[in-house]
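Notes to accompany the following structure.
Nothing in this text is a laboratory measurement; each read-out follows from the coordinates by a stated rule. Here the structure is a predicted model, which is why all the values come from computation and not from measurement. For neighbour counting, all protein chains shown are included, and Cβ atoms are generated from backbone atoms with ideal geometry for every residue, glycine included.
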Amino acid sequence: MNQSLVNTGRLLAAGLRALLALTLLTGVVYPLVVTGVAQAFLGHRANGSEVREGGRVVGSSLIGQQHYGLDYFQPRPAAGLGTNTLNTQYKLLISGATNLAANNPGLVKAVEQARAEVVRVNSTSDYKVKPSQVPADAVTSSGSGLDPDISPAYALLQAHRVAERNHLAVARVEHLVREHTESRTLGFIGEPRVNVLQLNVALRELTTGR
């Protein structure tokens, strides 16, 4: 009986030592190593891909924002999103799409209305946008609803409005768009894209003379 208790105690002690060793390895050492490597080689991405302007963080290049005025480039629609009522300080968006089929009457109507609004907003005194010029990403949200990028076609479509409202030459704004157009990842993954936040930060710097 005493020997049984001794064996049980040894097993419990061995299990406790294994628990402590694995906790130290996986809960302390491994996270510290991963964090150290990330900070050393991928610091910008590890810290949330922050975009700074004037010494302060204005957002992340990975998450789209919806609060831009018409003086700036507009992002993709964020249809299907609600607000997170648990966080009243930042009013976080809930990731998600509409989940409507392509032939859903509600989606078709929303796309038609969005196209008409894009045409109206981006037509200027000397430039009229045609409905056929409006790209798909201008009237539909992404799967997450948080896409930070738009197509070069949508960015260039907005160039006339942005130029007129900021008293800039259209050619200068179009050049700004091309400067911020990223090519396909590794040359073949995805499509060319423009990060809206980074483009608008560059636009502010241009208009304020920084």
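Data overview
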read-out	value
Taking Y68, Y30 and counting other C-beta atoms within 10 Å, the order from fewest to most	Y30, Y68
S142 long-range amide H proximity, modeled H, under 5 Å	D147
Residue (of T35, S183, L199) at the positive-pole extreme of the chain, dipole from beta-carbon charges	T35
Gaussian network model of the chain, Cα within-10 Å springs - most flexible of L168, L176, L12	L12
Fewest-first sequence of D126, D137 by Cβ atoms within 10 Å of each Cβ	D126, D137
For E164, E191, order by how many other beta-carbon atoms lie within 10 Å, fewest first	E191, E164
GNM top mover of S151, S132, S183 - the chain, alpha-carbon springs below 10 Å	S132
11 Å tail of the calculated P(r), the range 2-43, as % of Cα pairs	68
Magnitude of the charge dipole, the range 63-208, Cβ model with Lys/Arg +1 and Asp/Glu -1, debye to 20	240
Inter-part distance where the range 20-83 and the range 142-181 are each reduced to a Cα centre, Å	23
